Structure formats: structure tokens, C-alpha cells
Amino acid sequence: MQQPLVITATINGRPVERAADPRMHLADFLRHEVGLTGTHVGCEHGVCGSCTVIVDGRPVRSCLMLAVQVDGAAVETVEGLTGASGSLSRLQRAFSEHHALQCGFCTPGMLMTLEALLRTVLNPTETDVRDAISGNICRCTGYQGIVEAALTAAKDRQGEPA
Amino acid sequence: MKAPPFTYHRPTTGEELAALLGSLENAKVLAGGQSLMPMLNLRLAFPDHLIDINRVEGLAGIKVEGEDVVVGAMTRQADVLASSVVAERLPVLAEALRHVGHIQTRSRGTYGGSCCHLDPSSEQPAMAALYDARFHVVGAAGRRTVEAADWSVGMLQSALADDEYLEAIRFTPWRDGADGRCGYGFAEYARRHGDYAIVGCAALVRVDQAGAIGRAAVVLFGVEPSPTRLPALEAASLGQAAAGFNPASHLGEVDALDVMEDIHVNAVYRRRLARVMIGRAFADALARATGAKA
Ligand SMILES: Cc1cc2nc3c(=O)[nH]c(=O)nc-3n(C[C@H](O)[C@H](O)[C@H](O)COP(=O)(O)OP(=O)(O)OC[C@H]3O[C@@H](n4cnc5c(N)ncnc54)[C@H](O)[C@@H]3O)c2cc1C
Ligand code: FES
Ligand code: FES
């Protein structure tokens, strides 16, 4: 078997250098090697969306990317949403206000998917939001609260300076 | 589960890639990983070598070459969907991509990867079949071009040899002109949006100034192991008045198709659905070509 390969990446704005087996997927790398356990692993074959992170600005399924593939890339995980003092982002607060989570298992993936949407679509419709989270499965909430939270956060963001 | 062990290669040029493919045994190319990674994680594939082509120069991007639009194999589905060239010249590709997976899978999944993987329900190889696209293939022995009709050689099986890779797919758009105006139609049925289609259909037509159909192409996907063109329907439509044409009267060839069956969908239902999808896609194509639909 091939020796571990060294990966140099920026994770939530910080430079990280770690070795990983080539076969290790990005979600396991984040959780087990970097210690960022916010990213959840549900199905490991691309259907549930709980492992969604942002790589070079795009939402991706981290169970379907090898860790070695982010060598040189910028990765953002749910841990990166909170401010330095641990304060929640507007989207995270909206999740809390709208009861957009129950068990919380899908939440990191939902947040990263919606974070990516809200950065690119300034004034999303309910359809845009539902389309964006069509690849994220939630077993608890029935999605309504999640959609409301995203729309609320989008509205508030428009008022903020970019 | 976790992927089995393999040796990882990351070529940066086409020459390096061809040399690796020519020398390694039991090697697999890794493109967007949206089909191959699940297969590795589910232990359905056991390559000894994984050749990651994400950093090979020149494989991604959409180029206009004369009349043609050339889509690099590594162009992400999201980038094809967002392309203004595609929106203008190949709008049915974008329409189809809205039904492909989800934003996270389109961020990584590539147009060439879908065409190489050849899922029977995949929209991308069906679009290539619809346009009689040409596949540019490179191997240790050199380059060759494969016609869309020869691309799929069986279930999940492309015409690529073990030591070849797909470089790009060349589409020749249908343009409006003196011989008429073109329109496309697309219809697909899946249990949930973003799921693989149970059955889908896409159609292209050209309608001349007198209102007659001058050219037509129709493809079904999800019905047979490979995309299915419908030459009898296409031929029957030629010269017919767009206003009165009813594809339902020309579907004899659909009865003869070797329709797939699975645990959810039997052949009777799938064949019936195919007829419905053909009707919708053809009607939309005619409506666009005659200006009745935007
Ligand atoms: C949740 C989910 C939903 C999906 N829904 C759909 C859907 O509705 N419709 C649809 O069409 N697809 C769907 N897909 C599949 C997705 O579109 C894949 O991206 C696509 O099938 C494969 O492209 P890829 O770039 O990811 O290729 P990979 O997964 O990296 O590769 C697939 C295969 O093609 C080979 N290959 C790839 N590129 C090349 C090349 N340039 N030369 C030679 N061989 C190559 C690989 O060796 C491998 O055998 C879905 C996937 C997921 C996870
Ligand atoms: S764990 Fe990645 S999609 Fe389910
Ligand atoms: S909150 Fe439990 S799965 Fe979504």
C-alpha cells in the first residue's frame, strides 16, 4: 500500500499540514486528522448531504472527495461559520429562531449548503432554497423551518455591507 | 464503508496521463468522483491505481470552434449549467443538467465523467446522442474520434479502451437560419427531483417558413442500457406540418425496444412512460420552434 501523502491546505482560513492515506476521504480527514468533528458522515456514498463542506468556494460532498485532492485548496467547514469569539453567524441564529434543527445531524451540511447559496444568490426565492437543499436529507424537521431560516438570513444579509 | 487501498497518481499533462494509462495495470481514472467515489466506498470497484485527472492541463473548459462547441471532459456540470455559450447554442444541455443530482454533486461531477460512466439514466450521454456529438479520445497509441452512435457499447460500458481517456466532446448546435427555426424539448420523470430519471426524453426539431418539420432528433434515456435514438419517429416527422403533427401515431419502434426492468419499475410501465415523455418533449420542441413557447 502507498505511504501517506502530505496535504497542505487552508482550512477555515488557517494553514494546515497533515499526512493522510490516499484512500482517506475528506470528511474522515477533517474529523480524524484535523479534529473538526462538526462535519458529519451519514451515508458515505453521496446521497445524504450531511458531509457538505465548501472547497474553493463551492459546496461539495466531502465523502466523495479524497483528502489528497484538497492539497493546495481552501476548505470551509461548519466550524468556520462562527466568529472568533464563538458567536453564531446570522444563518446559524436563524436556524435557532426558526427551529430548523432537532437532532442536528443534518445541520452542518444544511448550513454549508445554504451558506454557499446565500453567497452567490442575493435574493433567493423559496424555490431556490428548496432546490439548493434537495441534496440534503433531514429526518426530523420536515424542512419548513430550514427554508424559513434560510430566507430570513438572506433578507438580513441584504442589509449588511458585503 | 471506506475505499479499498490503491496507489494514487496525479498527472498534470495529457502526455503524463497517457503514459500512466499505457503502463499501469488495473488503473481507474478519477474525474469528479461523483460515481467512482461511491463505488470505491461501497467496495464495488477495486483499482490498484487511481489516476486523478483533476490537475491535467487543458481538460476543462468550453470552447467555440467554428460552428462547434467543444466541452472539455473535465468541465464541471455546474460550469456547463452556468455557461452563456451553452445557454445560447445548446440550451437543452442546461435544461437537462437542472435534473442532474444536486448543487454539491454538480460542483464536482464532470460532463466527461457522466459520458464515460454511462449510467443508462444519465442525461449527459443522451445529450451527446441527441446531437450526434463526437468524442475525442486520447491513448498511448494516439488520438481518435468516436461517433456518438458508437460511444456506448453496453451497460456502463463506453468505447474507451483501458489505456485511453476522454479529452472532450464536440457538439454541433442546430442554428436558426434560412432553412427554419430550431426548438428543443426536454421531459423527464424521476421519483424525486435530482434523482436519476426513470425515463427521460429530449427532442430537437427545425421548422421551416412554411411550417413544415425539416429536421428532427429524438433520444430516450433510462429505457435501454444506452441512450436510444428514435430514427423511425424522426423520419416520419419530416415534411409534416408542425401544427398537426402527433408523435403518438409514430411510436411503433418504442414497442420493439429492449426496455429495462427493475424492482421499482416494470417494463410495461417504463414503456408507457417513454411514450408520455416523447409526447411532451416533442410538443415542447415544436412549440419553441414555432415561437409558441420561449
Ligand atoms: C446523489 C447523486 C445524484 C446523482 N444524480 C445524477 C443524475 O440525476 N443524473 C446523472 O447523469 N448523474 C447523476 N449522478 C452522477 C454524477 O452525475 C456523476 O458526476 C457522473 O456520473 C460521473 O462524473 P464524474 O466526473 O463524477 O466521474 P467519476 O465518478 O470520477 O468517474 C466515473 C467513471 O468514468 C471514468 N472517467 C471519468 N472521466 C473520464 C475521462 N475523462 N476519461 C476516461 N474515463 C473517465 C472513471 O474512471 C469512472 O469509471 C448523481 C450522483 C450523486 C452522488
Ligand atoms: S456522508 Fe457524504 S453524502 Fe452522505
Ligand atoms: S435535524 Fe435531525 S436530521 Fe435534520
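The values are calculated or read from the model by the stated rules, or taken from the named source; none is laboratory data. Just so it is clear, the structure is predicted and the values come from calculations on it, not from any experiment. Here the Cβ positions follow ideal geometry from the backbone for every residue, glycine too, while neighbour counts run over all protein chains shown. The area values use the complete protein model at the heavy-atom level, side chains included, leaving out ligands, DNA and RNA. Shrake-Rupley method; radii C 1.70, N 1.55, O 1.52, S 1.80 Å.
Summary table below
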quantity: Every residue from the range A:125-137 that is surrounded by fewer than 21 Cβ atoms within 10 Å (Cβ to Cβ), more than 10 Å from chain B (Cβ to nearest Cβ) and more than 13 Å from residue A:49 (Cα to Cα); calculated: A:125, A:126, A:127, A:128
quantity: Single match in B:202, B:197 (criterion: part of a loop (DSSP other than H, G, I, E, B) and more than 14 Å from every other protein chain (Cβ to nearest Cβ)); calculated: B:197
quantity: Top-ranked residue of the range A:93-113 - restricted to ones that are in a helix (DSSP H, G or I) and within 16 Å of ligand 2 (Cβ to nearest atom), ranked as farthest from the other protein chains (Cβ to nearest Cβ); calculated: A:107
quantity: Hey, residue A:41 of a type in the set (A, V, I, L, M), open to solvent by 10 Å² or more (accessible area, probe 1.4 Å), within 9 Å of chain B (Cβ to nearest Cβ) and not in a helix (DSSP H, G or I) or not; calculated: no
quantity: Flag for residue B:131 being farther than 20 Å from residue B:260 by Cα and of a type in the set (Ser, Thr, Tyr); calculated: yes
quantity: Residue that is surrounded by the most Cβ atoms within 10 Å (Cβ to Cβ) [pool: residues in the range A:20-38 that are more than 16 Å from ligand 3 (Cβ to nearest atom) and more than 13 Å from chain B (Cβ to nearest Cβ)]; calculated: A:30
quantity: In the range B:169-190, the residues that are within 19 Å of residue B:35 (Cβ to Cβ) and open to solvent by 10 Å² or more (accessible area, probe 1.4 Å); calculated: B:188, B:190
quantity: Counted residues, the range A:66-86 - those being under 16 Å from residue B:31 (Cα atoms) and more than 14 Å from every other protein chain (Cβ to nearest Cβ); calculated: 0
quantity: Cross-chain or 6+ apart pairs with Cβ under 6 Å, the range B:75-87 first and surrounded by fewer than 18 Cβ atoms within 10 Å (Cβ to Cβ), then assigned to a helix (DSSP H, G or I); calculated: B:87/B:94
quantity: Qualifying positions in the range B:107-130 - away from every other protein chain (no Cβ under 13 Å) and in contact with a Lys or Arg (Cβ under 9 Å, 6 or more places away or on another chain); calculated: B:111, B:128, B:129, B:130
quantity: Positions within the range B:221-271 being buried (at least 16 other Cβ atoms within 10 Å of the Cβ), among the charged types (D, E, K, R) and either in a helix (DSSP H, G or I) or modelled with pLDDT under 95 (or both), in sequence order; calculated: B:234, B:270, B:271
quantity: Qualifying positions in the range A:62-90 - more than 16 Å from ligand 3 (Cβ to nearest atom), within 10 Å of the chain's Cα centre (by Cα) and crowded, with 18+ Cβ neighbours inside 10 Å; calculated: A:62, A:75, A:76, A:77, A:80, A:81
quantity: Filter result (of a type in the set (A, V, I, L, M), under 20 Å from residue B:68 (Cβ atoms) and assigned to a strand (DSSP E or B)) within the range B:149-189; calculated: B:166, B:168, B:169
quantity: Elements of type helices (runs of 4 or more DSSP H) in the range B:59-138, at least 1 residues being of a type in the set (Ser, Thr, Tyr) and within 24 Å of residue B:150 (Cβ to Cβ); calculated: B:111-117
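So that you can scan it fast, the table gives a plain yes or no per residue for (1) open to solvent by 10 Å² or more (accessible area, probe 1.4 Å); (2) within 14 Å of another protein chain (Cβ to nearest Cβ); (3) farther than 28 Å from residue B:23 by Cα:
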{"residue": "B:89", "(1), (2), (3)": "yes, no, yes"}
{"residue": "B:105", "(1), (2), (3)": "yes, yes, yes"}
{"residue": "B:137", "(1), (2), (3)": "no, no, no"}
{"residue": "B:143", "(1), (2), (3)": "yes, no, no"}
